[in-house]
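Below: the structure, in structure tokens.
The values are calculated or read from the model by the stated rules, or taken from the named source; none is laboratory data. As the structure is a computational prediction, the values presented were derived from the model and not from experiment. Cβ atoms come from the backbone with ideal geometry, glycine included; neighbour counts cover every protein chain shown.
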Amino acid sequence: MGKLVAVFRLMPEDTDVDIEAIKTAVKNATPKEAVLQGWQVKPVAFGLKALDVTITMEDDEGGSTDQLEAAYNGIAGVGSVQCVDVGRIG
């Protein structure tokens, strides 16, 4: 078994959503089995900014990112979560 690296794109519900508050919530929502590697704020359109979150975790569940997607979908102000990239390392 190796590790997985996954990138999740979190889209806020509106342009007025505080991205810094979402970052804090991501830290709190990330389970202890996963390691938050970092994030990037990316402009999308019309003032809307997405938050791309990079996570590494053990590949012990067949590469499933469902638990993380569910955790991030529960964050206030997040309209949608999509796993945009996943791969194996090490």
Residues of the range 44-67 that turn out to be over 18 Å from Met11 (Cα atoms) and either at pLDDT below 90 or among the hydrophobic types (A, V, I, L, M, F, W, C) (or both), as a count: 8
Residue match in the range 34-52 (condition: surrounded by 17 or more Cβ atoms within 10 Å (Cβ to Cβ), touching a Phe, Trp or Tyr at 6+ places or on another chain (Cβ under 8 Å), in contact (Cβ under 8 Å) with a residue 12 or more places away in the chain and not in a helix (DSSP H, G or I)): yes
Condition broken by Ile75, with the remaining ones in (1) among the β-branched types (Val, Ile, Thr); (2) at pLDDT 95 or above; (3) under 12 Å from Arg9 (Cα atoms) satisfied: (3)
Failed item in (1) in a strand (DSSP E or B); (2) loosely packed, with under 14 Cβ neighbours inside 10 Å; (3) hydrophobic (A, V, I, L, M, F, W, C), with Ile55 passing the rest: (2)
Candidate set: the range 1-15, residues that are touching a Gly at 6+ places or on another chain (Cβ under 9 Å) and not in a strand (DSSP E or B); chosen: the one nearest to Ser80 (Cα to Cα): Glu13
Extreme residue, farthest from Lys32 (Cα to Cα), among residues of the range 60-77 that are surrounded by 17 or more Cβ atoms within 10 Å (Cβ to Cβ) and out of contact with any Cys (no Cβ under 7 Å at 6 or more places or on another chain): Ile75
